[in-house]
1. Toward the positive end of the charge dipole of segment 5-76, about the Cα centre and with charges on Cβ (Lys, Arg +1; Asp, Glu -1), which of Tyr42, Ala65, Ala10 goes farthest?
2. Ranked from highest to lowest mean number of other Cβ atoms within 10 Å per residue, what is the order of the peptides 106-113, 128-135?
3. Mind giving me the FRET efficiency for Asp108 and Leu51? R0 is 35 Å, r the Cβ-Cβ distance, nearest 0.05 is fine.
4. Residues in segment 1-28 near a label at Arg43, defined as backbone nitrogen under 16 Å from the 7 Å Cα→Cβ point?
5. Cut-off is 10 Å between beta-carbons; in what order do Leu146, Leu37 appear when sorted fewest neighbours first?
6. Apply the Karplus parameterisation 6.51 cos²θ - 1.76 cosθ + 1.60, with θ equal to phi minus 60°, to every residue of segment 2-8 and state each ³J(HN,Hα) to the nearest whole Hz, in sequence, with x for glycine and proline.
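Read-outs: derived from the displayed coordinates by stated rules, not from any lab. Bear in mind the structure is a predicted one, so any value in this text is a computation, not a measurement. When we count neighbours, we look across all protein chains shown, and the Cβ atoms used for this are built from the backbone with ideal geometry, even at glycine.
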Amino acid sequence: MSWSDQDFQAFYRRYGPAVYARCRAICGRSEEAEEALQETFYRVWKARDRLDRERSPLAYLYTVARNESINQLRKRRPWRTDALVWLNIADPDTVDPTSVRTVSQLLDRISPSDAALLRLRHVEDHTIEELATMLGTSSRTVRRKLERLMQRTRAILAVEAA
C-alpha cells in the first residue's frame, strides 16, 4: 500500500513526539535529538513501502531512533579525541599524562557505540535502568554489556601495561 504525503504527515504527528523523547533521552541535547528525529523519519520515509502500518510501528521507530541518536553521539566525540573531556576533569594539571594517553588508546580500540555506552554510564552518570530505556532493551542486557566491556577494557589495559 502506497503512502500519500498526508498519510506520512499524520504518521509523523502521531509518532514524532514519542520518537523525539527517545532521541532526547539518548542524545541529551535538543539540537542533536532534533537531528536524530529528522534522520529517523527520513529513513522511515525511504523504507515506507516495507513498513506495516497495521501493526504498531513504534518498536521499529525506536530502533531507528536509537541508532540515529548514537550516530549523533558519535559526531559529538570531543571525549574521543580529548580524554580529559571524556574523564570529565576540569583541571588538566591534576591528571597523569600516561592515564590520558591510556584512555585515548582504549577508546581507539573499542567501537564507537561501546564508547558511547561507557560515556553515558560513567561520565554522564545514567543509571542502568535509564540506559535500558534509552536503548530499548532490558536492564539485564545493559548490565551484561557493561560487564563485558569492563572485562575487555581490563584486558586491553593489562596487555598495554605489559
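1. Ala65
2. Working: 106-113: 15.0, 128-135: 18.1.
Highest to lowest by the protection proxy: 128-135, 106-113.
3. Approximately 0.40, to the nearest 0.05.
4. 16, 19-27
5. Leu146, Leu37
6. These are the phi-based 3J(HN,Hα) values: 7, 9, 8, 4, 5, 4, 5 Hz.
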